[in-house]
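Peer 1: Below you'll find the structure I mean.
Taken together, the values in this text are just the output of simple stated rules run on the coordinates, not laboratory data. Given the structure is predicted, the values throughout are model-derived calculations rather than measurements. Cβ placement follows ideal geometry from the backbone for every residue including glycine, while neighbour counts extend to all protein chains displayed.
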Amino acid sequence: MIKLKVTTIGSSAGIVLPKEALALLKVQKGDSVFLTESPDGVRITPYDPAFEEDMSLARQVMRKRRNLLRELAK
């Protein structure tokens, strides 16, 4: 567990992620992270849940229309 402290950043509040947290998330300065609600609280993740949902739908379409996509690729 890594303890984070809310601090003032300009006229806003924020948290500073230490190197260990950046390594766990596999992100670096300039990357985006997403705060999502989960049953046990909140979660910080580098993965965009909306994008993941869109990709899931795209995979379904690609599986369903596999033959059509192969023909279009020719």
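Peer 1: Given the Cα-Cα distance of Leu4 and Glu52 and 0.36 nm per residue of separation, how much length would full extension add, in nm?
Peer 2: 14.6 nm
Peer 1: For the chain, set up a GNM with springs between Cα atoms under 10 Å and report which of Ala23, Ala13, Ala50 has the largest fluctuation.
Peer 2: Result: Ala13 has the largest fluctuation of those listed.
Peer 1: Okay, next question. Do you know the relative contact order of the chain, to the nearest whole percent, from alpha carbon pairs under 8 angstrom that are 6+ apart?
Peer 2: About 15 percent, as a whole number.
Peer 1: Return one number: the angle in degrees, 0 to 90 and rounded to the nearest 10, between the long axis of the Cα atoms of helix 49-64 and the longest principal axis of the Cα atoms of the chain.
Peer 2: 10
Peer 1: Given charges of +1 on the Cβ of Lys and Arg and -1 on the Cβ of Asp and Glu, with all other atoms neutral, how large is the dipole of the chain about its Cα centre, in debye to the nearest 20?
Peer 2: 440
Peer 1: Work out the count of Lys pairs in the chain where the Cα-Cα distance is under 28 Å, with the pair 8 or more places apart or on different chains. Please list the in-between numbers first.
Peer 2: Numbers: Lys3/Lys19; Lys3/Lys26; Lys3/Lys29; Lys5/Lys19; Lys5/Lys26; Lys5/Lys29; Lys19/Lys29; Lys64/Lys74.
Close lysine pairs under the 28 Å cut-off: 8.
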